[in-house]
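Encoded as structure tokens, the structure appears first; notes follow it.
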Amino acid sequence: MTNCFVPGCKSNSKSSRKKGEKTSFFSPPRNEAKFEKWKRMIPRKDRPLRRCDRVCHLHFIPEHIQHDYVHIIKGETVRIPRSKPCLAEDAYPCIFPGLPKYLTKIPKKRKPPANRSIPAERITKKQPERTKSSVDKTHCPKSDSDVYCGLNLDDLPVVVNDSPTFSFANIINNIDKICLPSPQWGTHVYEDKNSVIFSHVTFMNDNFAIDKMIFLNESMMPKFSNNVSVVTTDFTSTIRSIHSLETVIMSVENRRVCRGIVSAPVTEGWKQVTIKKMHDKCKIFISDQLSGDLCTNCKNEMQRLTRIHQTVAKRKDLRDGAKLRLQQENRRLHKQVLRLTKKFVGKQGINAENEAVDDSYAIEIRIENDLPTA
């Protein structure tokens with residue numbers, strides 16, 4: 001169970017869970033300066049804040065917690081709810097209920113700038129309008145810098161988040177700003193391979209395992225697991241912004257992955273290997289209309305293999321049963337033969353003894369009567 005690092009915090013306790021209160025936890029920032037600021041703000045003396053610690057939402061102001069993805073599409077603001085809230089870049093813990101009030105330091109809201117428009121009566125001279133000819137006559141010396149000279153600021157190209165100029169380098173430079181859905185997600189950057197991997201770790205079968213991985217390289221085409229493209233309905237297949245990448249990761253977070261057809265563990269040498277395979281037409285992701293952890297194709301294949309195994313087991317049981325009955329019949333016949341043999345041998349012995357007695361008695365009679373013996 002996850003606990004809040006702030007001392008005295010009772011979030012995610014048994015009483016709060018019974019009330020149905022949901023608690024959101026946030027991990028410390030990866031930026032070293034921001035991480036040190038979190039350390040200074042949290043009043044805990046027994047030990048310092050660590051990367052693996054978590055802080056709940058009760059210690060942040062509402063403005064620092066983002067509950068929606070915000071996009072501007074054709075001039076309209078579109079909000080997509082997040083499955084899990086995310087912190088803003090400048091967020092830090094500043095509210096500590098249950099502790100002395102002087103420890104709570106809520107940042108002051110800055111007032112919007114005052115309207116400094118010049119009154120009409122103070123305008124003495126109308127500024128001349130800029131024409132195309134005046135812009136053409138503007139000259140600027142050659143320079144290696146990227147600073148624009150002699151142009152109106154409104155004419156400068158604005159690079160927005162969904163700009164076509166967004167590239168893989170932007171992701172590498174802003175890798176720490178990518179908001180992951182949960183602490184189970186991790187980021188791995190391979191600069192020599194020009195690729196980034198987002199992996200999700202889960203706990204299954206009394207062991208930790210990676211069940212979801214998203215690959216991204218310079219092509220900006222996300223791929224899932226064994227080169228299977230990520231399916232998302234909100235964006236195109238090519239990543240165009242940090243928000244679109246976060247949306248793809250969020251869509252994978254919210255989807256169930258087919259666990260595949262798992263056979264019994266097989267021992268190879270000193271280690272145990274579990275054979276796992278997928279159906280040729282496995283879609284990797286399970287439809288929301290289905291229950292369980294198997295897609296339709298893998299489920300049908302699993303049922304087919306189960307029927308085959310049951311048939312083989314029944315045949316084996318029949319063969320084993322017939323073999324057992326045959327062995328029992330052989331034992332019964334063997335015992336019967338032994339009894340008959342013993343009985344027959346006993347009778348033969350008695351008959352032989354009686355014949356010997358009769359012969360000796362006849363010889364004695366012949367001797368007494370002086371008769372010739374045979």
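FYI, it's all coordinate maths here, none of it is from the lab. Given the structure is predicted, the values throughout are model-derived calculations rather than measurements. Cβ: placed from backbone, ideal geometry, glycine included. Neighbour counts: every protein chain shown.
Suppose R0 equals 30 Å. What FRET efficiency, 1/(1 + (r/R0)^6) with r the Cβ-Cβ distance, do residue 199 and residue 280 give to the nearest 0.05? Plugging the Cβ-Cβ distance into 1/(1 + (r/R0)^6) gives 0.75. The count of lysine pairs in segment 14-103 whose Cα atoms are under 27 Å apart, excluding pairs fewer than 8 places apart on the same chain, comes to 22. Estimated at 0.36 nm per residue, the fully extended path between residue 209 and residue 167 surpasses their Cα-Cα distance by 12.0 nm. The simple spin-label model puts a point 7 Å past each Cα toward its Cβ; for residue 182 and residue 313 those points are separated by 3.3 nm. With the simple spin-label model, which puts each label point 7 Å out from Cα in the Cβ direction, the residue 22 to residue 47 separation comes to 3.0 nm. 3J(HN,Hα) along segment 180-185, derived from phi through the Karplus expression 6.51 cos²θ - 1.76 cosθ + 1.60 where θ = phi - 60°, amounts to 8, x, 8, x, 6, 8 Hz, with x in place of Gly and Pro. Note on residue 67 and residue 34: the model spin-label points, each 7 Å out from Cα along the C-beta direction, lie 2.2 nm apart. Our coupling estimate for segment 304-310, obtained by passing each phi through the Karplus curve with A = 6.51, B = -1.76, C = 1.60 and θ = phi - 60°, is 5, 5, 5, 4, 5, 5, 5 Hz, Gly and Pro reported as x.
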